[in-house]
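In what follows, a single structure is set out as C-alpha cells and then discussed.
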Amino acid sequence: MNRAQRIIRTFAKTALIAAPAIFALSLPAQTNDIPARKRQNADALRVVTANIRHTYFLADKKTGDDWDSRKELCRNVLLAQDADIICLQENHAGQVSYLRDRLPDTEFHNFFEMKDAARSTKKDLYVPILYSTKRFEKLDGGGFWLSDTPEIAFSKYEDAYMARSANWLVLKDKNTGKKLCVLNTHLEHKFSTARVKQIAVLLKFAGKLSKDIPVVITGDFNADADSPSLQLARKEGWLDSHAAIHGPADPGGTAHRFLGAEFLSTPQGKTRKKIDFILHNKLLTPIDAEIIKDARKGKHPSDHYFVSAEFEHTR
C-alpha cells in the first residue's frame, strides 16, 4: 500500500468514526410529551418539590417502576414545569446527575458528599436543590443534620429511624436583584416524635435568617397539614402555598405507590393525605399551586406526586 492509499484509508476510517457524532448533532431536540405548564406571571418564581423514589427496592423492577424504566418520564415531567427551582428527595447521586444533565441551564447544590450511586446504603439519600443558572446567581449555601448536633454527619435523635438532613441555598435573582433562600428536607417516615424534633431544628435555622429575605421550605414531610410537625411550622409563621390557593381542606394523598388515582381510590388510599409541601414566609405570595399528576400509559415518574408553587414577591 503506497502513501496515497494509506492517507485515503485513514481518512475513510476517521470519517466513519466521526459520522455517528455528526449525525447525533443533526438530530432534532428531544420532544416532550408532557404538557407544558403556563405561568400565571412570566416574572414569577416557580418552585417544584419532588420525591423521585430511590433505587433500593428490587420489587420496582418487577413492576416496571425502577429508575431506568421511568427516568425519562421523570425528566419530562420536571421539564414541563418550567421551574426555576427543583428540590429533590429520596435520590441517589446518579439520579441527580441524570436530571441535572438533561434539564437545560441547571446546576445543583448539595452540601453533603454524594456517594457512589451503586452503594446500597441509606446514607446516600440526600436532599439536593437544583436551580436555574439563567435566572439565579448562587451566593451561599450549606447543609446540616436534623439533630441536637446538626454539624455532625449522620447524627440523629434516638427515636428517629435514620439520620435526616437539610440543604439550604441563598440565590440572587438576576432579573430583579432580589435574594431568595431555599431549604429542602425529608423528614422521618416512622415516628412523629422524631419529626417534630427534626422540623424544630429546621425552623430554628430558618429563624436565624435575615428578616428581609424571602424563604421557601420544601420537602417530603411524611406528615399531613394537621400533624404536630406542620402545626409547629404554622405556629412559627410558615404558610402552606397549596392551602393559600386551594383552601385548607386536604386534597388527598401525594404518595400513591406508583398507582396514582387507582391506589388513592381504594379504602386504604382514601385515608392518605398530602405529605409533600412548599412552605413560605410572608415575603412571598403564592399565585398558583398544583399537585402534579402527569403520567404516561398508567406509569408515573415516582411513587409520589410532585408539587409546585408559583410566587410573587410580597414587596
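Taken together, the values in this text are just the output of simple stated rules run on the coordinates, not laboratory data. The model shown is predicted, which means the values in this text are computed figures rather than measured ones. FYI the Cβ positions are ideal-geometry reconstructions off the backbone, even for glycines, and counts take in every protein chain you see.
In table form, for the structure just shown:
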read-out: Residue among T285, C87, Y157 farthest towards the positive dipole end of the chain, charges placed on Cβ; value: C87
read-out: Alpha carbon centroid spacing (whole Å) that separates region 36-84 from region 258-301; value: 12 Å
read-out: Cα lying deepest toward the dipole's positive end in region 3-313, options F221, G247, A59, charges on Cβ; value: A59
read-out: Under-18-angstrom lysine pairs by C-alpha in region 124-197, whenever the two are 8 or more apart or on separate chains; value: 10
read-out: Distribution of pairwise C-alpha distances over region 41-200, 10 Å bins, in %; value: 10, 37, 34, 17, 2
read-out: Cα-centre dipole for the chain with unit charges at Cβ (Lys and Arg positive, Asp and Glu negative), debye to 20; value: 860 debye
read-out: Distance in nm between pseudo-label sites at K178 and D101 (7 Å out along the Cβ direction from Cα); value: 3.6 nm
read-out: Under the span-like rule (Cα at least 24 Å along the axis, Kyte-Doolittle mean at least 0.0), DSSP H helices of the chain; value: 3-26
read-out: Lysines with Cα under 22 Å of K71, excluding same-chain neighbours fewer than 8 positions away; value: K61, K62, K115, K122, K123, K293, K297, K299
read-out: Sequence-separation-based contact order of the chain, relative, with Cα cut under 8 Å and 6+ spacing, percent; value: 18 percent
read-out: Dipole in debye (nearest 20) - region 213-264, about Cα centre, beta carbon charges: Lys, Arg +1; Asp, Glu -1; value: 100 debye
read-out: Those trypsin sites (Lys or Arg not before Pro) in region 199-229 that DSSP places in a loop and that have at most 11 other beta carbons within 10 Å; value: K208, K211
read-out: Kirkwood-based shape ratio for region 112-252, expressed as Rg/Rh from alpha carbons; value: 0.97
read-out: Entry for volume of the Cα convex hull per residue in Å³ (calculated from the structure that is shown) out of (i) 121; (ii) 174; (iii) 185; value: (iii)
